[in-house]
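Enquirer: I'd like to ask you about the structure that follows.
The values are calculated or read from the model by the stated rules, or taken from the named source; none is laboratory data. Because the structure is a prediction, the values reported are computed rather than measured. So basically every Cβ, Gly included, is an ideal-geometry build from the backbone, and we count neighbours across all protein chains shown. Areas reflect the complete protein model, heavy atoms only, side chains present, ligands, DNA and RNA absent. Shrake-Rupley method; radii C 1.70, N 1.55, O 1.52, S 1.80 Å.
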Amino acid sequence: MANPLRLSVLDQSPIISGHTPAQAIHETIRLAQAAERLGYHRYWLAEHHALAALGDPCPEILATRVAAETSRIRVGTGGVLLPYYSPLKVAEQFRMLEALYPGRIDLGIGRAPGGDRMTTLAMGEGRYPAAEHFPEQVQYVVAYLDDAMPPEHPFAGVKAMPAGPGAPQVWLLGSSDYSGALAAQLGLRFAFAHFISGEGGDVVMRDYKRRYQPSAREPLPSSLLCVFAICAESGEEAQRLAASIALRRLNTDHGVNAPVPNHEEARDYPYTEADRRRLAHHNRRVVHGTPDDVLRRLLELRDQYEADELMVITITGDYDSRLRSYELVADAFKLCQPTDAPVR
């Protein structure tokens with residue numbers, strides 16, 4: 001019997017050493033098509049700026065292409081970094097996506113900078129776009145999407161076009177208690193980034209459900225846990241594949257803005273003892289192993305976090321092994337093969 005758990009994909013469009021950013025974007029499209037074929041439920045695209053390792057600064061544009069190249073899988077953002085943008089413009093972009101691909105669009109919203117401080121200042125034209133207005137921005141985006149701006153608001157007469165009966169799902173993304181508490185207060189869906197913060201998220205997820213305030217958009221809470229996972233036919237091979245993302249994180253710690261190391265670079269890097277201690281710290285938020293190992297650990301995390309859905313992010317030192325990891329995970333979870341109709 002197929003496992004009823006919904007399993008999805010987060011893609012940061014990694015730029016692997018020896019490949020171009022354009023190749024990374026084309027690999028995103030290839031992986032999205034494979035994810036749909038394999039039975040994954042959602043395909044989310046991340047936003048990052050001026051990072052040599054991650055190729056997508058505008059997921060709302062890439063989502064259009066991914067949705068056009070697929071027919072069933074839900075497509076969305078993981079996520080739009082709202083402090084940079086106008087709530088009305090974001091609502092217009094996602095109303096357009098909903099009009100083009102009805103019933104398939106997710107709007108994941110985050111508040112992280114998605115790049116270094118200099119890039120953040122450039123995005124804000126010399127001003128640091130702080131997130132103190134984030135709660136109001138989120139409320140305005142939802143109000144524009146649903147044509148539900150309070151009548152006393154000065155912009156109440158403004159309509160986000162193209163209007164229509166449907167609207168994207170809205171998810172708040174987070175790696176701390178802030179977004180979980182806000183999602184509960186506003187009655188929105190919540191996704192926790194275990195791959196960013198491997199400690200304490202289970203408390204955040206449980207508190208989200210405990211404190212949830214029903215809304216007209218979402219009468220019940222919905223939670224999603226996103227985990228970094230690498231799957232291979234053997235544990236030794238999975239460990240070898242995991243070395244590239246480990247070195248990528250070490251580079252980030254050292255302020256090195258470089259592509260994702262390929263397997264040879266990860267193998268040959270002259271790690272110090274301090275490096276190995278740092279890698280051990282990072283590895284606590286990576287699941288890797290055989291299909292049985294990954295299945296067991298992901299289900300353990302699902303239960304620990306009381307998550308309604310799971311999402312997997314995978315980056316390795318080559319694109320084929322990344323795709324193969326997703327194939328093995330889909331097989332381990334016995335994902336349902338897709339039908340012609342999108343799943344709401």
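Enquirer: Report every pair of residues separated by at least 6 positions or lying on different chains whose Cβ atoms are under 8 Å apart, first residue within the range 17-36 and outside any helix (DSSP H, G or I), second surrounded by fewer than 17 Cβ atoms within 10 Å (Cβ to Cβ).
Expert: Close Cβ pairs (under 8 Å, with a partner that is surrounded by fewer than 17 Cβ atoms within 10 Å (Cβ to Cβ)) amount to SER17/ALA258.
Enquirer: A further question follows. Report, ordered by the first and then the second residue, all pairs with beta carbons closer than 7 Å, sequence separation of six or more or different chains, a first member in the range 126-155 that is open to solvent by 60 Å² or more (accessible area, probe 1.4 Å), and a second member that is part of a helix (DSSP H, G or I).
Expert: Cβ pairs passing all conditions: TYR128/THR120; TYR128/LEU121; GLN139/LEU186; TYR140/PRO87.
To keep it simple, each residue is scored yes or no on (1) touching a Gly at 6+ places or on another chain (Cβ under 7 Å); (2) within 30 Å of ALA34 (Cβ to Cβ); (3) among the hydroxyl-bearing types (Ser, Thr, Tyr).
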{"residue": "GLU69", "(1), (2), (3)": "no, yes, no"}
{"residue": "ILE109", "(1), (2), (3)": "yes, yes, no"}
{"residue": "GLY115", "(1), (2), (3)": "no, yes, no"}
{"residue": "HIS133", "(1), (2), (3)": "no, no, no"}
{"residue": "VAL142", "(1), (2), (3)": "no, no, no"}
{"residue": "GLU152", "(1), (2), (3)": "no, no, no"}
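Enquirer: While we're looking at this one, here's another question. Just give me the residues in the range 159-180 being among the aliphatic types (A, V, I, L, M), assigned to a loop (DSSP other than H, G, I, E, B) and either touching a strand residue (DSSP E or B) at 6+ places or on another chain (Cβ under 6 Å) or open to solvent by less than 30 Å² (accessible area, probe 1.4 Å) (or both), in sequence order.
Expert: If the condition is that a residue be among the aliphatic types (A, V, I, L, M), assigned to a loop (DSSP other than H, G, I, E, B) and either touching a strand residue (DSSP E or B) at 6+ places or on another chain (Cβ under 6 Å) or open to solvent by less than 30 Å² (accessible area, probe 1.4 Å) (or both), then ALA160 is the only one that fits.
Enquirer: So GLU306 fits all but one of (1) open to solvent by less than 10 Å² (accessible area, probe 1.4 Å); (2) on the phi > 0 side of the Ramachandran plot; what number is the exception?
Expert: All conditions are met except number (1).
Enquirer: If you check ALA183, ALA191, ALA238, which single one turns out to be buried (at least 17 other Cβ atoms within 10 Å of the Cβ), free of Cβ contacts under 8 Å to residues at least 40 places away in the same chain and not in a loop (DSSP other than H, G, I, E, B)?
Expert: ALA183
Enquirer: Only one of these conditions is not met by THR28: (1) of a type in the set (S, T, N, Q); (2) closer than 18 Å to ALA229 by Cα; (3) open to solvent by 10 Å² or more (accessible area, probe 1.4 Å). Which number is it?
Expert: Just one mismatch for THR28, condition (3).
Enquirer: Filter the range 91-125 down to residues that are hydroxyl-bearing (Ser, Thr, Tyr) and surrounded by 19 or more Cβ atoms within 10 Å (Cβ to Cβ) and give me whichever is farthest from VAL256 (Cα to Cα).
Expert: Top of the filtered list is TYR101.
Enquirer: So is PRO221 outside any strand (DSSP E or B), touching a residue at least 12 places away in the same chain (Cβ under 8 Å), open to solvent by 80 Å² or more (accessible area, probe 1.4 Å) and under 30 Å from ALA181 (Cβ atoms) or not?
Expert: Answer is no for this residue.
Enquirer: Residues of the range 156-176 being among the aliphatic types (A, V, I, L, M) and free of Cβ contacts under 8 Å to residues at least 40 places away in the same chain, which ones?
Expert: Hit for the range 156-176 is ALA156, nothing else.
Enquirer: In the range 191-218, which residues are of a type in the set (Ser, Thr, Tyr) and farther than 19 Å from VAL286 by Cα?
Expert: Selection gives TYR208, TYR212, SER215.
Enquirer: From the list ALA243, ALA216, exactly one residue is more than 26 Å from ARG111 (Cβ to Cβ), surrounded by fewer than 24 Cβ atoms within 10 Å (Cβ to Cβ) and not acidic (Asp, Glu). Which is it?
Expert: Of the residues listed, the single one that is more than 26 Å from ARG111 (Cβ to Cβ), surrounded by fewer than 24 Cβ atoms within 10 Å (Cβ to Cβ) and not acidic (Asp, Glu) is ALA243.
Enquirer: Moving on. Out of the residues in the range 257-283 that are of a type in the set (S, T, N, Q) and assigned to a loop (DSSP other than H, G, I, E, B), state the one that is nearest to LEU241 (Cα to Cα).
Expert: Only one residue tops the list, namely ASN262.
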